[in-house]
Ligand code: GLP
């Protein structure tokens with residue numbers, strides 16, 4: 001795992017966007033794993049700008065989102081399909097047929113989950129997986145005690161997550177109680193993982209995920225097992241980390257990061 005500390009939210013999101021753009025330019029057929037949430041909005045804004053101003057080309061890439069709420073139509077403003085349309089897909093030249101999210105209104109949810117896994121395999125696996133982190137330490141919707149080898153499946157949402165996301169639904173009553181999510185096992189099979197966390201509210205879970213033990217209580221900690229995972233944080237989200245001098249030293253001295261310094 002590598003930890004990159006940036007001075008603020010904008011700089012952190014900008015670095016993540018530039019890594020995505022770099023990978024996309026290197027491989028136009030990139031299979032990109034996508035995440036939702038407030039934190040990612042800045043990243044998508046940057047990608048849209050890069051598409052418009054620098055011609056960043058999405059025409060050959062494919063995308064797979066981490067998760068989707070159960071019971072929401074794709075047109076529902078709270079669905080993750082709608083989020084992706086609104087923040088990214090409709091503004092760039094990605095082929096809609098190559099954009100994938102679990103179908104939250106499938107009749108047979110278990111079959112839908114199996115098909116989602118099979119589809120990822122058919123596309124050759126995920127090259128670059130973008131990740132946020134929930135306040136419960138989750139990646140995707142892999143809530144505490146999610147098996148570290150879990151695959152795409154339906155998960156009940158924890159009270160912490162319901163509270164965190166309820167604001168978007170007006171009130172907690174309207175919020176779906178379940179979601180379909182890639183499993184921890186699915187996520188860590190991606191060739192590269194890139195996690196972005198910003199703000200004081202993420203400081204404690206980031207410290208647990210990066211410096212704590214690998215535990216299903218904080219599913220982001222499973223990323224410690226990944227051979228190529230980068231965690232990008234702003235100063236606030238880094239504020240509970242102990243080894244920040246070491247992380248800064250690596251970033252300053254690792255040739256791979258030269259163009260991002
Ligand atoms: C939801 C998503 C996660 C995301 C998290 C963080 O729970 N399922 O994938 O990481 O929100 O959201 P935010 O960026 O709004 O803090």
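Quick notes on this structure:
- Residue among 189, 143, 53 with the largest mean-square fluctuation in a Gaussian network model of the chain, springs linking Cα atoms under 10 Å: 53
- Of all the options 134, 55, 199, the one that moves most in a Gaussian network model of the chain with Cα springs shorter than 10 angstrom is 55.
- Relative contact order, whole percent, for region 67-137 stands at 27, derived from Cα pairs under 8 Å and 6 or more residues apart.
- Computed from the C-beta positions of residue 41 and residue 228 and an R0 of 22 Å, the FRET efficiency is 0.30 to the nearest 0.05.
- Take the Kirkwood radius over Cα pairs of the chain, plug it into Stokes-Einstein at 4 °C and 1.567 mPa s, and you get 70 µm²/s for translational diffusion.
- Summary of packing: across the peptides 216-229, 89-102, the per-residue average of other C-beta atoms within 10 Å ranks them, highest first, as 216-229, 89-102.
- For region 1-133, the C-alpha radius of gyration sits at 1.06 times the compact-globule guess of 2.2 N^0.38 Å, with N the residue count.
- Hull volume per residue, based on the alpha-carbon atoms of region 1-73 and their convex hull, is 128 Å³.
- Length gained when the stretch residue 106-residue 252 is fully extended (0.36 nm per residue, less Cα-Cα span): 47.8 nm
- If you run the Gaussian network model on the chain, springs between alpha carbon atoms under 10 Å, then out of 187, 133, 250 the most flexible one is 250.
- Calculated SAXS-style log₁₀ I(q)/I(0) at q = 0.22 Å⁻¹ - region 58-119, Debye, Cα scatterers: -0.91
- Per residue, the average separation of C-alpha pairs within less than 8 Å and at least 6 apart gives the chain a relative contact order of 25 percent.
- Shape summary: region 137-236 maps onto an equivalent ellipsoid whose semi-axes, from the alpha-carbon gyration tensor, are 22, 18, 11 Å in decreasing order.
No lab work stands behind these numbers, since they all come straight from the coordinates. Computed from a predicted model, the values in this text were never measured in an experiment. Using ideal geometry, Cβ is built from the backbone for each residue, glycine included, and neighbour counts are taken over all protein chains shown.
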